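See below for the structure under consideration.
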Amino acid sequence: MTERPAGTPIEILLAEDNPGDVRLTEKALDTGDILNTLHVVDDGVEAMAFLRSEGEYEAAPRPDLFLLDLNMPRMDGQAVLEAMAEDESLRRIPVVVLTSSEAKQDILDSYDRHANAYLTKPVDFDGFVDIVQRIEEFWLTVVKRPPR
């Protein structure tokens, strides 16, 4: 495994179509202690293009962590998870589903499609910031991620 040089930001991909949730995520990550670069796409088709470095995302970095909303236009989060699970080059990217859905079937389907975690978005600002900071702390400092 290649170690990341000191001072190199962690690459985070956020697939989220709600501009308010994007701003909350940006703010939460900005207040954290981990140097990161947040890349944002607003639907599943763009997420897959980013992950596969296609089209306008040809120079996109491989994410160290992928935050995925389930309810997006054009291609929903479940379809993204399924496509990632079927693609050997993508299936080891850690995926945290961060969504408003509390539906039992969404949770089961996400884990069946190899999501690494499933979190429901809190409705209040402080709760949202707290959960994003906890994701950052756990997934980017505690967990050993697969090599790029």
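Every number here is computed from the coordinates shown, using simple stated rules; none is lab data. In this text the structure is predicted, and so the values were computed from the model without any measurement. Cβ sites come from the backbone with ideal geometry, for glycine too, and all protein chains shown count toward neighbours.
Just a few scattered comments:
- Classification of segment 7-62 by its C-alpha gyration tensor yields an oblate form. The axis ratio a/c (a ≥ b ≥ c) is 1.5 or more, and b/c is at least a/b.
- Placing +1 on the Cβ of every Lys and Arg and -1 on the Cβ of every Asp and Glu, with nothing else charged, gives segment 86-125 a dipole about its Cα centre of roughly 120 debye.
- Toward the positive end of the charge dipole of segment 1-119, with +1 on the Cβ of Lys and Arg and -1 on the Cβ of Asp and Glu, the farthest Cα among 25, 57, 35 is that of 35.
- Rounded, prolate or oblate (a/c below 1.5 giving rounded, otherwise prolate when a/b exceeds b/c) for segment 73-126 by Cα gyration tensor: prolate
- Placing +1 on the Cβ of every Lys and Arg and -1 on the Cβ of every Asp and Glu, with no other charges, gives the chain a dipole of roughly 540 debye about its Cα centre.
- The residue among 73, 132, 117 whose Cα reaches farthest toward the positive pole of the charge dipole of segment 10-140, with charges on the beta-carbon of Lys, Arg, Asp and Glu, is 117.
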